[in-house]
Amino acid sequence: MRALVTGASGFIGSNLVDRLLAEGAAVKCLVRRGSNLKWLKNLPVTLVTGDFHDVASLAPAVADAEVVFHVAGATRARNRAAFFRGNFEATRNLLLACEQYGPPDQKFVFISSLSAAGPSKGAPLTEEHEPNPVSAYGASKLAAEKAVLEFSQKRPVTIIRPPAVYGPRDRDTFLLLKSIHRGLHVIPGGPGQQVSLVHVHDLVTGILLAAASPRSQGRIYFISGEGHHDWRTIGAYAGRVLDKRFRTLHVPWWLMRLVALGGSLTSQFTATPTLMSLDKLKDMRQAQWLCSHARAQAEIGFQPSLDLLTGLAGAAAWYKAAGWLRPQIKKG
Ligand SMILES: NC(=O)c1ccc[n+]([C@@H]2O[C@H](COP(=O)([O-])OP(=O)(O)OC[C@H]3O[C@@H](n4cnc5c(N)ncnc54)[C@H](OP(=O)(O)O)[C@@H]3O)[C@@H](O)[C@H]2O)c1
């Protein structure tokens with residue numbers, strides 16, 4: 001397969017690149033000037049520099065790709081307009097480039113998000129639910145999905161909606177493990193929020209199954225791990241894999257709002273928007289983010305292989321081997 005991966009310098013994109021190479025694909029990576037290429041260094045990939053806001057600059061990237069994996073996306077942004085620029089406009093322009101410069105049978109696989117569908121209430125969401133995003137991030141991913149679905153009149157497309165993704169190279173998983181490694185588990189608000197999760201290796205499996213399946217044309221798939229989890233259980237699992245005892249600190253929502261407000265204000269003056277923002281808080285405050293992978297199982301044969309404990313243990317081992325988690329020196 002000749003594949004193009006956008007967002008290849010990031011967490012999910014780089015894991016996808018590794019798997020594609022392992023399976024013998026010829027891989028091109030679309031990066032931008034200034035992308036940090038640490039995960040792509042020394043790999044047998046072709047790097048192409050392009051700008052999503054200059055359609056012609058994307059021509060060399062899409063020209064001979066059989067499959068375009070559009071993983072790049074703005075997961076944090078200064079404001080609503082910036083989310084729409086990074087997610088909707090970037091996707092629309094990449095689609096334009098595929099139409100103008102790509103081969104006519106090129107497949108387009110778009111990595112969206114559970115945030116585009118919105119939170120669940122009771123049962124896990126299926127792809128049949130009417131989307132109801134609560135954040136600008138989710139709304140911008142939904143707008144991008146609509147552009148991709150319109151494009152399905154012209155080319156084969158598939159949309160993947162992962163819930164929160166964890167695993168090697170992820171900074172959020174790392175922050176959780178680091179905090180527990182130091183003896184503290186910080187939970188925003190109460191313990192109640194329930195979430196679906198997916199290990200990045202299972203997500204990559206789902207993405208590749210969708211790319212290969214003729215049934216996936218014009219379809220949306222939640223690619224998720226089994227079951228659902230609350231933050232207390234996730235913390236307990238992290239403590240087990242690190243063999244650490246820890247205290248749990250619930251941060252009240254008023255304090256989270258203050259932190260988010262600070263983040264949103266700071267982002268107006270910094271080059272990189274902060275992790276925490278008022279928009280992020282909207283997603284965080286929802287009681288449930290659950291989705292079902294039943295459709296992906298039935299149509300493309302997706303089955304997650306890693307339970308949370310095994311996945312976290314592998315991630316912890318990776319952070320230790322990479323020197324991100326260091327052994328703690330006992331005092332006295
Ligand atoms: N991680 C999750 O839990 C999760 C869950 C659901 C969906 N997703 C989706 O999965 C995708 C990848 O997420 P991730 O966690 O891997 O994020 P990440 O580590 O932050 O990587 C994001 C990637 O997108 C690229 N990118 C962002 N804005 C860009 C722009 N304007 N032009 C060109 N490239 C741009 C980044 O390039 P640079 O290196 O140049 O910054 C980077 O390669 C995103 O679309 C996200 O919405 C993630």
Test item: Cα-centred dipole of the stretch 196-332, Lys/Arg +1 and Asp/Glu -1 on Cβ, debye: 620 debye
Accessible surface, per residue, of the stretch 174-330 when the full set of protein chains is kept, probe 1.4 Å, Å²: 50 Å²
Cross-link reach list, lysines versus Lys121, counting only Cα pairs under 28 Å and skipping chain neighbours closer than eight places: Lys141, Lys146, Lys280, Lys282
Residue (of Ala260, Ser292, Gly227) at the positive-pole extreme of the stretch 184-332, dipole from beta-carbon charges: Ala260
Gain on full stretching of the segment that runs from Val251 to Asp230 - 0.36 nm per residue minus C-alpha separation: 6.0 nm
Around Arg182: net Lys/Arg minus Asp/Glu count, Cβ-Cβ under 11 Å: +4
Nearest-20 debye value, the chain charge dipole, Cβ charges on Lys, Arg, Asp, Glu: 1440 debye
Accessible carbon and sulfur surface of the chain relative to its total accessible area, %, 1.4 Å: 54 percent
Among Trp318, Trp254, Trp39: highest mean-square fluctuation, GNM of the chain, C-alpha pairs under 10 Å: Trp254
Dimensionless Rg/Rh of the stretch 80-199 - Kirkwood Rh, Rg from C-alpha atoms: 1.05
Unit charges at the beta carbon, dipole of the chain: most positive-side option, Leu249, Ala317, Thr272: Leu249
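Using per-residue counts of other Cβ atoms within 10 Å, averaged over each peptide, order 42-48, 32-38, 184-190, 113-119 from highest down.
113-119, 184-190, 42-48, 32-38
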Unit Cα scatterers, Debye sum, the stretch 1-151: log10 I(q)/I(0) for q = 0.10, 0.13, 0.15 Å⁻¹: -0.35, -0.59, -0.78
Cα gyration tensor of the stretch 87-132 - equivalent ellipsoid semi-axes, whole Å, descending: 30, 12, 7
Among Leu275, Leu125, Leu290: highest mean-square fluctuation, GNM of the chain, C-alpha pairs under 10 Å: Leu275
Rounded to 10°, Cα long-axis angle of helix 11-22 versus longest principal axis of the chain: 60 degrees
Using alpha-carbon coordinates, inclination of helix 136-151 to the longest axis of the chain, degrees: 20 degrees
Positive-end residue, the stretch 1-80 charge dipole about Cα centroid, Cβ charges, pick of Leu4, Val31, Thr46: Val31
Relative contact order of the stretch 180-299, pairs being alpha-carbon contacts under 8 Å that are 6 or more residues apart, as %: 41 percent
Computed over the stretch 38-148: relative contact order in percent, which uses C-alpha pairs under 8 Å that are six or more apart: 30 percent
For Lys146, solvent-accessible area (1.4 Å; no DNA, RNA or ligand), Å²: 120 Å²
Inter-probe distance in nm under a simple model that places probes 7 Å from Cα toward Cβ, at Asp51 and Leu175: 3.0 nm
For the stretch 35-84, Kirkwood radius (reciprocal of mean inverse C-alpha pair distance, Å): 13.3 Å
Stokes-Einstein diffusion coefficient of the stretch 220-276, Kirkwood radius over Cα pairs, 4 °C, 1.567 mPa s, in µm²/s: 88 µm²/s
P(r) weight above 34 Å for the chain, C-alpha pairs, percent: 22 percent
Cα long-axis angle, helix 253-267 against the chain (0 to 90 degrees, to the nearest 10): 50 degrees
Rounded to 5, the percent of DSSP beta bridges in the chain classed as antiparallel: 5 percent
Eligible lysines near Lys41 by straight Cα distance, threshold 25 Å, same-chain separation 8 or greater: Lys28, Lys320
Fraction of alpha-carbon pairs over 21 Å apart in the stretch 173-332 - percent: 59 percent
Nearest-20 debye value, the stretch 1-45 charge dipole, Cβ charges on Lys, Arg, Asp, Glu: 220 debye
Accessible area of the stretch 38-146 divided out per residue, in Å², using a probe of 1.4 angstrom: 43 Å²
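The values are calculated or read from the model by the stated rules, or taken from the named source; none is laboratory data. Given the structure is predicted, the values throughout are model-derived calculations rather than measurements. When we count neighbours, we look across all protein chains shown, and the Cβ atoms used for this are built from the backbone with ideal geometry, even at glycine. Please note that ligands, DNA and RNA were not included when accessible areas were found on the heavy atoms of the full protein model with its side chains. Shrake-Rupley method; radii C 1.70, N 1.55, O 1.52, S 1.80 Å.
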